[in-house]
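Working notes for the structure below.
The values are calculated or read from the model by the stated rules, or taken from the named source; none is laboratory data. Please read these numbers as outputs of a predicted model, since none were measured by experiment. For neighbour counting, all protein chains shown are included, and Cβ atoms are generated from backbone atoms with ideal geometry for every residue, glycine included.
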Amino acid sequence: MTQLDMTFVRSQFPAFSSPVLSSHAFFENAGGSYPCAAVVNRLHRFYTDRKVQPYGPYPGAQAGGAEMDEARARLAAMMGVTGPQVSFGPSTSANTYVLAQAVRLWLRGQNAAIVVTNQDHEANSGVWRRLIDEGIEVREWQVDPQTGALDPERLRALLADGKVRLVAFPHCSNVVAEINDVAAISALARAAGARVVVDGVSYAPHGFPDFPSLGCDVYLFSAYKTYGPHQGIMVISEEFGADLPAQGH
Ligand SMILES: Cc1ncc(COP(=O)(O)O)c(C=O)c1O
């Protein structure tokens, strides 16, 4: 294909032929994209034929379990990771919230600092800033007020005393449309002994990243902004996952 076939693309999205929606143009993709027909059909089939305890000894339960496994395996393959590295949650905000509870316990009593930015969406900011209640020092990596860019040299200064254990920043800022060099920033932070959490929500609609080549410890995005179901996806490196206390049952 040398040209994007818009007729084909539009035909993949049931919402574009909905009479209820026909009076308005859709510009809300920052808030969430419409799922494509393949997703709608899969969800419909799941809720009508497979919405039972998965893996039970009968066909609907077997098919439901197999499709849940398939979702994990296919997402993992798209991002270059193993299945256990992928976590599903209700949203990215919920995923960072749960992650921050694990980090709270991981850093308890350690005289640690973390770095947040003022280029982030609240989802990758507030949960970290609130760790101040745990005695964790919160340092803000501020954007250049002229350009809106995050200068790695400013981060280098924040990391200098070796106290920082975690750095959170966005892959792409939806405040200033800045794409950050995740691999370079991750290398800088990792070399200073910090773990790296990247909010990929604004970036993922433009392409799923190859997680290993980014060099971060956690990468998050929201499937419902990539034409998928309303879920948050969180990839955690095996190494960091092993450090964190479990938050599930
Ligand atoms: C850059 C960015 N990060 C995080 C979020 C939060 O995602 P969610 O709605 O899945 O919690 C959003 C939502 O708009 C966002 O734009």
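Evaluate the following for Leu75: is it crowded, with 17+ Cβ neighbours inside 10 Å, of a type in the set (A, V, I, L, M) and farther than 30 Å from Arg130 by Cα? In short, yes. Kindly establish whether Ser87 is surrounded by 13 or more Cβ atoms within 10 Å (Cβ to Cβ), in contact with a Lys or Arg (Cβ under 7 Å, 6 or more places away or on another chain) and not in a helix (DSSP H, G or I). Spelling it out, it is not the case that Ser87 is surrounded by 13 or more Cβ atoms within 10 Å (Cβ to Cβ), in contact with a Lys or Arg (Cβ under 7 Å, 6 or more places away or on another chain) and not in a helix (DSSP H, G or I). The residue that is modelled with the lowest pLDDT, counting only those in region 221-235 that are more than 7 Å from the ligand (Cβ to nearest atom) and in contact with a Leu (Cβ under 8 Å, 6 or more places away or on another chain), is Pro229. Beta carbons closer than 6 Å, at least 6 apart along the sequence or on distinct chains, pair a first residue in region 1-23 that is surrounded by 13 or more Cβ atoms within 10 Å (Cβ to Cβ) with a second that is hydroxyl-bearing (Ser, Thr, Tyr) for Phe13/Tyr34; Ala15/Tyr34. Inclusion of Ala63 among residues that are in a helix (DSSP H, G or I) and under 25 Å from Pro170 (Cα atoms) is not warranted.
Would region 174-182 turn up any residue that is away from the ligand (no atom under 16 Å from the Cβ), hydrophobic (A, V, I, L, M, F, W, C) and either in a helix (DSSP H, G or I) or over 25 Å from Gly207 (Cα atoms) (or both)? Reasoning before the result, please.
Applying the first criterion (away from the ligand (no atom under 16 Å from the Cβ)) to region 174-182 yields 181.
Still in the list and also hydrophobic (A, V, I, L, M, F, W, C): none.
No, there is no match, as no residue in region 174-182 is away from the ligand (no atom under 16 Å from the Cβ), hydrophobic (A, V, I, L, M, F, W, C) and either in a helix (DSSP H, G or I) or over 25 Å from Gly207 (Cα atoms) (or both).
Tallying residues that are part of a strand (DSSP E or B) and either within 12 Å of the ligand (Cβ to nearest atom) or more than 11 Å from the chain's Cα centre (by Cα) (or both) within region 199-218 yields 1. The condition of being in contact with a strand residue (DSSP E or B) (Cβ under 6 Å, 6 or more places away or on another chain), among the polar types (S, T, N, Q) and more than 16 Å from the ligand (Cβ to nearest atom) holds for only one of Gln85, Gln53, Gln62, that being Gln85.
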